[in-house]
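Peer 1: Below you will find the structure I want to go over with you.
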Amino acid sequence: MPTLDCRTLERPVIDRQLFERLVVAVARRIIAASDTLSELDRTIGDGDHGINMRRGMEAVLAGREMVLDLAFGQALQAIGHQIVGSVGGASGPLVATWFLTLGRNWPQSGTDLPIDAFEAALQAVKARGRSDVGQKTLIDVLAPVTEAIKSGLACRELGGLANRAAEATKPMLATRGRAAFLGDRSIGHMDPGACSVALMIETAAGLLAKAEERMA
Amino acid sequence: MTNRVGIVIVSHSPDIAKGTADMVHQMVGDEVPLAWTGGNAAGGLGTDVNRIISAIDAAWSERGVAVLVDLGGAETNSEMAIEMLPPERGDRVVVCNAPVVEGAIMAATEAWGGADLTAVRRAAEEAGSA
């Protein structure tokens, strides 16, 4: 079993074609799940998470030609700008901050996975949301995934880990975000932001794992 | 007019943002630079970074701009908007931790009296604890 991990996300490992497939697959996954995401958000929030994320992913899909030829770090930032300009809900600036910070910290050369950039992106999302792990937010997925990337977990393991982390938000009491207004009634439901981020990670990591297997 | 601190109102709802701006206008007239924005890019409830940037530009004053927001996304989107301004402007815009209606009125009356940005923000934030 090939175990090439995510450590070589640098181009040309991610060439233009693979990058486009990543962008399209992640965007379509979120668009396909938008009703489910809104339904989760209707339970513990204001019910617009799916439609907001859908709008963001449609903007990313529509604008992908503009980002595919950029250097990887700049492409990630451009995606962040597309998201922040289109999502409109609270998750827009949070997800956008992740992409913007990851892109800004992505090294211009080198073949090692820039774990510092992933760490910086996580910290930036925490700062933007003035939140941390355990508050029933997307940070509860991003934090363990970032740790896993830093410890060199194989791509094919990342999706499962992200999904389990999203699942683990169910018993949590929301203390940040719109769900915090519900208090105890937020317990027992998955956080929609955590669900979105897990879907994105599962899709991207799954595609990367397959690409790695082909290269191995 | 631009020797007074500007006020920007950001709500998820355009009705709330405009209504709040109407109340502010009734208090201070045209003597305080004032702008509002509400709703997302698709016309639904939410907030939009680009519209917030436009509102800050519309209420721009060399003495700075105080931004009043309602819930979570309005705050995070306003912070993003401020970071996307040219740095020399961004440094002179603050998001007030205050209830949007009371905060906007307190901030605007303080701005009308000629207070600086720090005092305007403090007035707004004291409205929340009164």
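The values are calculated or read from the model by the stated rules, or taken from the named source; none is laboratory data. This structure is a prediction, so every number in the text was calculated from the model and none was measured. All Cβ positions, glycine included, derive from the backbone under ideal geometry; neighbour counts span all protein chains shown. Areas reflect the complete protein model, heavy atoms only, side chains present, ligands, DNA and RNA absent. Shrake-Rupley method; radii C 1.70, N 1.55, O 1.52, S 1.80 Å.
Peer 1: Counting DSSP beta bridges with both partners in chain B, what percentage is antiparallel, nearest 5? Walk me through the numbers on the way to the answer.
Peer 2: Details: 0 of 14 bridges.
Of the beta bridges lying entirely in chain B, close to 0 percent run antiparallel.
Peer 1: Rounded to two decimals, what is Rg over Rh for the stretch A:61-181 when you use alpha-carbon atoms and the Kirkwood radius? Before the final figure, lay out the partial values.
Peer 2: Details: Rg = 15.0 Å, Rh = 15.2 Å.
My calculation puts Rg/Rh at 0.98.
Peer 1: First compute the accessible area of the protein assembly as shown with a 1.4 Å probe, then give the percent of it belonging to carbon and sulfur atoms.
Peer 2: 54
Peer 1: With a 1.4 Å probe and all protein chains kept in place, how do A:156, A:164 rank by accessible area, largest first? Write down the numbers at each step before the final one.
Peer 2: Details: A:156 100, A:164 150 Å².
Of A:156, A:164, the descending order of accessible area is A:164, A:156.
Peer 1: Straight-line reach only, C-alpha to C-alpha below 26 angstrom: list the lysines that residue A:150 could link to, leaving out same-chain residues fewer than 8 apart.
Peer 2: A:126, A:136, A:170, A:210
Peer 1: Something else about it: Any chance you could look up the accessible area of residue A:70 with a 1.4 Å probe, heavy atoms only, rounded to 10 Å²?
Peer 2: 60
Peer 1: Sticking with this structure for a sec: How much accessible surface does residue A:170 have with a 1.4 Å probe, in Å² rounded to 10?
Peer 2: Approximately 70 Å² for this residue.
Peer 1: Next question. Could you put A:137, A:36 in order of accessible surface area, largest first, with the 1.4 Å probe and the full protein assembly present?
Peer 2: Numbers: A:137 20, A:36 85 Å².
Largest to smallest exposure gives the sequence A:36, A:137.
Peer 1: Would you please give the FRET efficiency between residue A:16 and residue A:173, computed as 1/(1 + (r/R0)^6) with r the Cβ-Cβ distance and R0 = 51 Å, to the nearest 0.05?
Peer 2: With a Förster radius of 51 Å, E is 0.70.
Peer 1: If you stretched the chain out fully between residue A:187 and residue A:32, how much longer would it get, using 0.36 nm times the residue separation minus the C-alpha to C-alpha distance? Don't jump to the answer; show the numbers that get you there.
Peer 2: Values: separation 155, 0.36 × 155 = 55.80 nm, distance 2.59 nm.
Full extension from residue A:187 to residue A:32 adds 53.2 nm.
Peer 1: Next up: Output needed: percent of Cα pairs per 10 Å distance bin for the stretch B:6-122, bins running from 0 to the one holding the longest distance.
Peer 2: In order of increasing distance, the bins hold 17, 54, 28, 2 percent.
Peer 1: I've got another one for you. Sticking with the crude label model, points 7 Å out along Cα→Cβ, report the distance from residue A:215 to residue A:115 in nm, one decimal please.
Peer 2: Label-label distance for residue A:215 and residue A:115, simple model: 1.9 nm.
Peer 1: Any chance you could list P(r) for the stretch B:44-87, counting all Cα-Cα pairs in 5 angstrom bins from zero, rounded to whole %?
Peer 2: Pairs per bin, as whole percents: 5, 23, 35, 23, 10, 3, 1.
Peer 1: Next question. Based on DSSP H runs of at least 4 residues, each adding -39500 (n - 2.57), what is the mean residue ellipticity at 222 nm of the protein assembly as shown after dividing by all its residues, to the nearest 500 deg cm²/dmol?
Peer 2: Details: 16 runs with 205 residues, N = 346.
Using -39500 (n - 2.57) per qualifying helix, the result is -18500 deg cm²/dmol.
Peer 1: Tell me the total accessible area that B and A bury against each other, 1.4 angstrom probe, in square angstrom rounded to 100.
Peer 2: Protein heavy atoms only, the B-A interface buries about 1300 Å².
Peer 1: Still on this model: Which whole-percent values make up P(r) of the stretch A:6-215 when all C-alpha to C-alpha distances are grouped in 10 Å steps starting at zero?
Peer 2: P(r) for the stretch A:6-215, in whole percents per bin: 9, 37, 39, 13, 2.
Peer 1: In nm, give the distance between the simple-model label positions of residue B:15 and residue B:31, each being 7 Å from the Cα along the Cα-to-Cβ direction.
Peer 2: Reported label-point gap for residue B:15 and residue B:31 is 3.3 nm.
Peer 1: To the nearest 10 square angstrom, how much accessible area does residue B:121 have with a 1.4 angstrom probe?
Peer 2: Roughly 90 Å² of residue B:121 is accessible to a 1.4 Å probe.
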